[in-house]
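This is the structure I want to talk about, given as structure tokens.
The values are calculated or read from the model by the stated rules, or taken from the named source; none is laboratory data. Since the model is a prediction, treat every value here as computed from it, not as a measurement. We place every Cβ from the backbone using ideal geometry, glycine too, and count neighbours over all the protein chains shown.
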Amino acid sequence: MSPPRPPEACPSPASPSPGARVGPAPMGPAHRLYDLWSFQAVRAELEQEGARIALTNGCFDLLHPGHLHLLLVARSQADRLVVGLNTDLSVQQLKGASRPVQPAAHRALLLAALRPVDYVVLFGDRHADRLLEVVRPHVYVKGGDYTPQTLPEAPTVRRLGIELSLVDLRSGLSTTRLIHRVAGGPAG
């Protein structure tokens, strides 16, 4: 595969300090980061390989075991897992002005460093319809808090002939609850 063009919202390596030895950079998680535009070339290569693709998406603001469970289940359903990651602005639109807790660059690097994740694609929409159009996964994996009737992207999933997989949630695990708990408030 050709090297990706990382999204501008993702961090670049820090400049070395004066006198530091500079050598070849190791392949770190940043090579898995894309925007919608740059992922199109990767998608074409995956199609040529015949790889089965799973897609999930979300804010992934503070990673917790519920997120990891979703990612592991999603990865088990395909050869490659693409994770759509909401930009900071779209997280604010979905969750409120106090979110995200972590900027997109940090959230993207954390996701890309996880073993089940093959690609992280930043997208700026409230819903994942355009992401679905670009990634064209074989299976779209979402948390069990949705149903085929309540999923905002359901018409796009049906139109594109994508399989929908809903994963049972882990009780009591959510970023909102974690934020309340850290702030010393009730975990509700």
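So, in region 43-72, how many residues would count as being crowded, with 16+ Cβ neighbours inside 10 Å, more than 20 Å from Asp129 (Cβ to Cβ) and among the charged types (D, E, K, R)?
Count: 1.
Another question, if that's okay. Note down all Cβ pairs under 7 Å where the first residue falls in region 113-137 and is more than 16 Å from Phe60 (Cβ to Cβ), the second is of a type in the set (Val, Ile, Thr) and in a loop (DSSP other than H, G, I, E, B), and they're at least six residues apart or on different chains.
Qualifying pairs under 7 Å: Leu132/Ile162; Pro137/Ile162.
In region 31-49, which residues are aromatic (Phe, Trp, Tyr) and touching a Pro at 6+ places or on another chain (Cβ under 7 Å)? Break it down into steps so the answer makes sense when it comes.
At the first step, the residues of region 31-49 found to be aromatic (Phe, Trp, Tyr) are 34, 37, 39.
The answer is Tyr34, and nothing else.
So how many residues does region 31-41 have that are within 15 Å of Pro116 (Cα to Cα) and either aliphatic (A, V, I, L, M) or modelled with pLDDT of 95 or more (or both)?
Going through region 31-41 one residue at a time, the tally reaches 1.
Mind checking which residues of region 141-155 are closer than 23 Å to Ser76 by Cα and either of a type outside the set (Ser, Thr, Tyr) or surrounded by 12 or more Cβ atoms within 10 Å (Cβ to Cβ) (or both)? Show your work before the answer.
Initially, region 141-155 is screened for residues closer than 23 Å to Ser76 by Cα, giving 141-148, 151, 153-154.
Scanning region 141-155 gives Val141, Lys142, Gly143, Gly144, Asp145, Tyr146, Pro148, Leu151, Glu153, Ala154.
Oh, and also: Report the residue count in region 49-86 for those that are among the polar types (S, T, N, Q), at pLDDT 95 or above and in contact with a helix residue (DSSP H, G or I) (Cβ under 8 Å, 6 or more places away or on another chain). Steps first, answer last, please.
Looking only at region 49-86, we keep the residues that are among the polar types (S, T, N, Q), and these are 56-57, 76-77, 86.
Add one more test, that the residue is at pLDDT 95 or above, and what stays is 56-57, 76-77.
Cutting the leftovers down to in contact with a helix residue (DSSP H, G or I) (Cβ under 8 Å, 6 or more places away or on another chain) gives us 56-57.
Going through region 49-86 one residue at a time, the tally reaches 2.
Only residues that are under 18 Å from Arg52 (Cβ atoms) and in a strand (DSSP E or B): list them for region 128-165, please. Spell out how you get there, then give the answer.
Taking region 128-165 and keeping what is under 18 Å from Arg52 (Cβ atoms), we get 131-132, 134-142, 157, 160-165.
Across region 128-165, the qualifying residues are Val139, Tyr140, Val141, Lys142, Glu163, Leu164, Ser165.
While we're looking at this one, here's another question. Kindly provide the set of residues from region 73-104 that are surrounded by fewer than 16 Cβ atoms within 10 Å (Cβ to Cβ) and under 23 Å from Val42 (Cβ atoms), ordered by number.
Start the filter on region 73-104 by keeping residues that are surrounded by fewer than 16 Cβ atoms within 10 Å (Cβ to Cβ), which leaves 76, 79, 89, 92-94, 96-98, 103.
Result: Ser76, Asp79.
Would you confirm, using the coordinates I've provided, whether Glu163 is modelled with pLDDT of 95 or more and surrounded by fewer than 16 Cβ atoms within 10 Å (Cβ to Cβ)? Steps first, please.
Numbers: modelled with pLDDT of 95 or more: yes; surrounded by fewer than 16 Cβ atoms within 10 Å (Cβ to Cβ): yes.
Yes: the conditions hold for Glu163.
Of these, Gly28, Gly23, Gly19, which one is at pLDDT below 95, surrounded by 11 or more Cβ atoms within 10 Å (Cβ to Cβ) and of a type in the set (Gly, Ala, Ser)?
Details: Gly23 fails: surrounded by 11 or more Cβ atoms within 10 Å (Cβ to Cβ); Gly19 fails: surrounded by 11 or more Cβ atoms within 10 Å (Cβ to Cβ).
After applying the criteria, what remains is Gly28.
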